[in-house]
Amino acid sequence: MLFSTFLSLASVVVVAVATPAPLSPHVRHESRRAVPHGWSLDRRADPNTSVPLKFRLRQSNLENLDAYLLDIADPQSPNYGKHWTPEKVAQTFRPSPDSVDTVHSWLVNGGGVDMQKIRIGSDGSIRVDVTVSEAESILGAEYYVYRNADDGKERIGCHDGYTLPEHVSKHVDLVWPTSYFGNHKHIRRAGDGSKGVWHRPGGAPKAIADDDAMSTGPTNCDKGVTLDCLRALYNFNYTLVAADKNTMAVVEFGSNVLLQSDLDGFFKHFDPQQVGHKPTLISIAGGHLNASETDPENLGESTMDFQLVMGLLGRTQDVLLYQVGKDNNDQDPVDELLAALDGSYCSDPAIKQLGLADCGNKPRANVVSISYSTSPDINDPTDPATTQLVQRQCAEIGKLSLQGMTFVASSGDTGVSFGPTQACLAKNGTAVEGNAPGTFVPQFPASCPYVTAVGATEVTAGNSVSDPEVATTAFPSGGGFSNFFPQPAFQARRVNRYLKNSLPAGYDSSIFNASGRAYPDVSANGFPTVVAIDGEFTTSGGTSASAPIFASLVAAINDARIAAGKSPVGWINPALYSHLFATAFNDVKNGTNPGCGTQGFPAARGWDPVTGLGTPNFKSLLARFMSLP
């Protein structure tokens, strides 16, 4: 059906070229201020070199994505829970015939391109096989060869950017190869000198777990947080009834791997019936386990994620391990993950050129937990293509949410700064590290409105599980306001109340973007989490513990709904902020998330940018979600 549709479209285009569209002035479509970091300009490109120009056309109806999602995620909507099929999503967002026709006609009439050199993809993208000289003429650009500083690889592009006719520009997202160089502006992992393009929060201090921390039952939870502590804190006493029909996945990036021996050691102490229980490995981009791994930097994250998720959900639930490989500077692992889950994403020319290993061939889970951040949420005028790619990633998460998936992500462990280097922005727009005074830097994917971002709490020293938790003091829980994404209307009432009543004096638009998507949405305990790492029990934590804890509770809610013949919950944020869920959380009123030379934001009554709406009361959450169709 799709093939015949685009055959018809192509024939329409052929007729249209007989009547050229009126010429319009050229406008600058993309440009950079400098050669991207990590690359050097080597030489002018040979004018006779072949270059396949790929035009990524604007998706249809993307401006309606929020409305489509609210129609199935707003508790007051009559269509709540009626998720879309993959086919409907692909059809709805495919570039319009008018966009394809406009670009095709311009290439033939205005660009002088032989029609035989133009190919129209089933997704509406356009490829043109030309020489460098022809590309420069078409785009008003100068092409160069660039060399990568790390591996010496060469690529062709035009960092100064390119132009398009004004009437064409509005139909095009970007053209490749031009000013996008395939890697985002990521912060490296702390302390190991690696080339990772992502980082896990990892801000919680680690120590050997003593006898008090290893207590069974919900005792000494200020000294060591165990599964029993979590069950007591969040009123979680639930036995799965539809585990064979429900799915959950945990994402791990690069060299962060799980040791089965650690999982077994943990369960031997806390849940003996789960000894031998293991997740199902879903290899993405060559991701694999390494049973001989001994580097604690590569063991802690995955170990903690799965001990928490599998410990809370029990032996009957199969948990998928999305192990994403390619721990290097060239690939964004979020691109790898999204491409593996949705073939329409990796058919995008700008994404396809990255050489992604998997394309729509991996199973989807109802709930996906991500304990990593991949990009600072800042609008960089020197790198507009990267901003577009991050926004495209968020939109893809939204489209997967339309199909019933729930994405949960950690909010970060460095307060209002970004990453292990604690980066902030100076007045001149450059990054300054070490929490130097400057503008707050949010993080992606937590800042994406289609992700449920989770902050971290702790039990105050000397208190019990029956006492209110506070924002973590062992590390500052991440939170703030996006620069990429506007604030959803369903957040406005609660966020505005915070800004009116609790915002510190002197905070203004030079510090943070008050109109941006606010996060985190919720929180859960993040310290001191008891885990088994490399054969030894340790107290650790971070928002990278909080995210899988909350995600596990969402998976349990899905279990109950599926057993009752209902759909998974999908995108939950509109519901969480609604009046229906007003009393479903334990409010966290104390703590701050310092950074960038400030105390950050203070926790307060109701929603706040440290702990969100609060920690979950599972029994209340379950009752409310079960009351929905």
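The values are calculated or read from the model by the stated rules, or taken from the named source; none is laboratory data. These figures come from a predicted structure and were not determined experimentally. Because the Cβ atoms are built from the backbone with ideal geometry, glycine has one as well, and the counts that use them run over all protein chains shown. With ligands, DNA and RNA removed, areas are computed over all heavy atoms of the protein, side chains included. Shrake-Rupley method; radii C 1.70, N 1.55, O 1.52, S 1.80 Å.
Scan the range 391-417 and report the pairs whose first residue is part of a strand (DSSP E or B) and whose second residue is at pLDDT 95 or above and open to solvent by 10 Å² or more (accessible area, probe 1.4 Å), with Cβ atoms within less than 6 Å and a gap of 6+ or a chain change.
Listed by first residue and then by second, the contacts come to A409/I370.
Is the range 446-464 home to any residue that is in contact with an Asp or Glu (Cβ under 7 Å, 6 or more places away or on another chain), surrounded by 17 or more Cβ atoms within 10 Å (Cβ to Cβ) and of a type in the set (A, V, I, L, M)? Please lay out each step first, then the result.
Step one: list which residues in the range 446-464 are in contact with an Asp or Glu (Cβ under 7 Å, 6 or more places away or on another chain), which gives 447, 452-453, 457-463.
Still in the list and also surrounded by 17 or more Cβ atoms within 10 Å (Cβ to Cβ): 447, 452-453, 457-459.
From what's left, of a type in the set (A, V, I, L, M): 453, 459.
There is at least one residue in the range 446-464 that is in contact with an Asp or Glu (Cβ under 7 Å, 6 or more places away or on another chain), surrounded by 17 or more Cβ atoms within 10 Å (Cβ to Cβ) and of a type in the set (A, V, I, L, M).
Being open to solvent by 80 Å² or more (accessible area, probe 1.4 Å), modelled with pLDDT under 90 and either assigned to a loop (DSSP other than H, G, I, E, B) or farther than 26 Å from Q391 by Cβ (or both) is the requirement here; does V15 meet it?
Working: open to solvent by 80 Å² or more (accessible area, probe 1.4 Å): yes; modelled with pLDDT under 90: yes; either assigned to a loop (DSSP other than H, G, I, E, B) or farther than 26 Å from Q391 by Cβ (or both): yes.
Here the answer is yes, as V15 does meet what is asked.
So which residues in the range 137-177 are acidic (D, E) and more than 19 Å from I126 (Cβ to Cβ), if there are any at all?
So in the range 137-177, the residues acidic (D, E) come out as 142, 150-151, 154, 160, 166, 173.
Within the range 137-177, E142, D150, D151, E154, D160 qualify.
Please indicate, with yes or no, whether at least one residue in the range 478-485 is surrounded by 24 or more Cβ atoms within 10 Å (Cβ to Cβ), in the same structural domain as P602 (by the TED database), farther than 24 Å from D335 by Cα and hydrophobic (A, V, I, L, M, F, W, C).
No - not one qualifying residue is present in the range 478-485.
Give the residue, chosen from D42, D114, D46, D101, that is more than 22 Å from P574 (Cα to Cα), touching a Leu at 6+ places or on another chain (Cβ under 8 Å) and either assigned by the TED database to the domain that holds A141 or open to solvent by 50 Å² or more (accessible area, probe 1.4 Å) (or both). Quick ask: steps written out before the conclusion?
Details: D42 fails: touching a Leu at 6+ places or on another chain (Cβ under 8 Å); D114 fails: touching a Leu at 6+ places or on another chain (Cβ under 8 Å); D46 fails: touching a Leu at 6+ places or on another chain (Cβ under 8 Å).
Just one listed residue meets the conditions, D101.
Those residues that are touching a strand residue (DSSP E or B) at 6+ places or on another chain (Cβ under 8 Å), hydrophobic (A, V, I, L, M, F, W, C) and either without any contact (Cβ under 8 Å) to a residue 60 or more places away in the chain or within 19 Å of L289 (Cβ to Cβ) (or both), I need them from the range 209-263; list them, please.
Residues satisfying the conditions are M248, A249, V250, V251, F253, V257, L258, L263.
What is the number of the single condition among (1) open to solvent by 10 Å² or more (accessible area, probe 1.4 Å); (2) farther than 20 Å from D413 by Cβ; (3) outside any loop (DSSP other than H, G, I, E, B); (4) not aromatic (F, W, Y) that L263 does not meet?
(1)
Which is in contact with a His (Cβ under 8 Å, 6 or more places away or on another chain) and either of a type outside the set (S, T, Y) or at negative phi (or both), of L263, L258, L240, L230?
So the residue among L263, L258, L240, L230 that is in contact with a His (Cβ under 8 Å, 6 or more places away or on another chain) and either of a type outside the set (S, T, Y) or at negative phi (or both) is L263.
Would you please name the residue that is surrounded by the fewest Cβ atoms within 10 Å (Cβ to Cβ), looking only at residues in the range 60-95 that are among the polar types (S, T, N, Q) and over 20 Å from N573 (Cα atoms)? Don't jump to the end; show me each part of the working.
Residues of the range 60-95 among the polar types (S, T, N, Q): 60-61, 64, 76-77, 79, 85, 91-92.
Pick out the ones that are also over 20 Å from N573 (Cα atoms) and you get 60-61, 85, 91-92.
Working: S60: 17, N61: 13, T85: 11, Q91: 15, T92: 17.
Filtering the range 60-95 for residues that are among the polar types (S, T, N, Q) and over 20 Å from N573 (Cα atoms), the one surrounded by the fewest Cβ atoms within 10 Å (Cβ to Cβ) comes out as T85.
Would you please list the contacts, defined by Cβ atoms under 7 Å and residues six or more apart or on different chains, that run from a residue in the range 91-107 that is more than 23 Å from E396 (Cβ to Cβ) and among the β-branched types (V, I, T) to a residue that is assigned to a helix (DSSP H, G or I) and open to solvent by 10 Å² or more (accessible area, probe 1.4 Å)?
Cβ pairs passing all conditions: T102/H167.
Does the range 426-436 contain at least one residue that is farther than 16 Å from S369 by Cβ and surrounded by 24 or more Cβ atoms within 10 Å (Cβ to Cβ)?
If we filter the range 426-436 for residues that are farther than 16 Å from S369 by Cβ, which is where we start, we get 426-436.
Then keep just the ones that are surrounded by 24 or more Cβ atoms within 10 Å (Cβ to Cβ); that gives none.
Checking the range 426-436: not a single residue is farther than 16 Å from S369 by Cβ and surrounded by 24 or more Cβ atoms within 10 Å (Cβ to Cβ).
Do you know which residues across the range 569-584 are of a type outside the set (G, A, S) and surrounded by fewer than 22 Cβ atoms within 10 Å (Cβ to Cβ)? So that I can check it myself, show each step before the final result.
Keep residues of the range 569-584 that are of a type outside the set (G, A, S), which gives 569, 571-574, 576-577, 579-581, 583.
Result: H579, L580, F581, T583.
Does the range 87-96 contain at least one residue that is outside the structural domain of S344 (by the TED database), modelled with pLDDT of 95 or more, closer than 30 Å to R624 by Cβ and not β-branched (V, I, T)?
Yes, that holds for at least one residue.
So which pairs qualify, if the first residue must be in the range 357-370 and touching a residue at least 24 places away in the same chain (Cβ under 8 Å), the second must be of a type in the set (D, E, K, R) and buried (at least 18 other Cβ atoms within 10 Å of the Cβ), the Cβ gap must be under 8 Å, and the two must be at least 6 apart or on different chains?
Short answer, once both residue conditions are applied: A357/K326; A357/E336; D358/E336; S369/D305.
Would you mention how many residues in the range 128-160 are part of a loop (DSSP other than H, G, I, E, B) and crowded, with 20+ Cβ neighbours inside 10 Å? Write out each step before concluding.
Going through the range 128-160, the residues part of a loop (DSSP other than H, G, I, E, B) turn out to be 140-143, 149-153, 158-160.
When the remaining residues are screened for being crowded, with 20+ Cβ neighbours inside 10 Å, the result is 141, 143, 158-159.
Residues meeting the conditions: 4.
Kindly check whether there is at least one residue in the range 205-214 that is on the phi < 0 side of the Ramachandran plot, modelled with pLDDT of 55 or more and touching a helix residue (DSSP H, G or I) at 6+ places or on another chain (Cβ under 9 Å). Reasoning before the result, please.
The first filter runs over the range 205-214 and keeps only residues on the phi < 0 side of the Ramachandran plot, leaving 205-214.
Checking which are modelled with pLDDT of 55 or more leaves us with 205-214.
Right, trim to touching a helix residue (DSSP H, G or I) at 6+ places or on another chain (Cβ under 9 Å) and you get 206, 214.
Yes, that holds for at least one residue.
Please count how many residues of the range 95-127 are in a helix (DSSP H, G or I), among the aliphatic types (A, V, I, L, M) and under 12 Å from R58 (Cα atoms).
The first filter runs over the range 95-127 and keeps only residues in a helix (DSSP H, G or I), leaving 97-110, 115-117.
Still in the list and also among the aliphatic types (A, V, I, L, M): 100, 103, 107-108, 115.
Cutting the leftovers down to under 12 Å from R58 (Cα atoms) gives us 100, 103.
Total satisfying the criteria: 2.
Determine which single condition T387 fails, assuming it passes every other condition in (1) part of a loop (DSSP other than H, G, I, E, B); (2) surrounded by fewer than 23 Cβ atoms within 10 Å (Cβ to Cβ); (3) polar (S, T, N, Q).
Of (1) part of a loop (DSSP other than H, G, I, E, B); (2) surrounded by fewer than 23 Cβ atoms within 10 Å (Cβ to Cβ); (3) polar (S, T, N, Q), only one is false for T387: (1).
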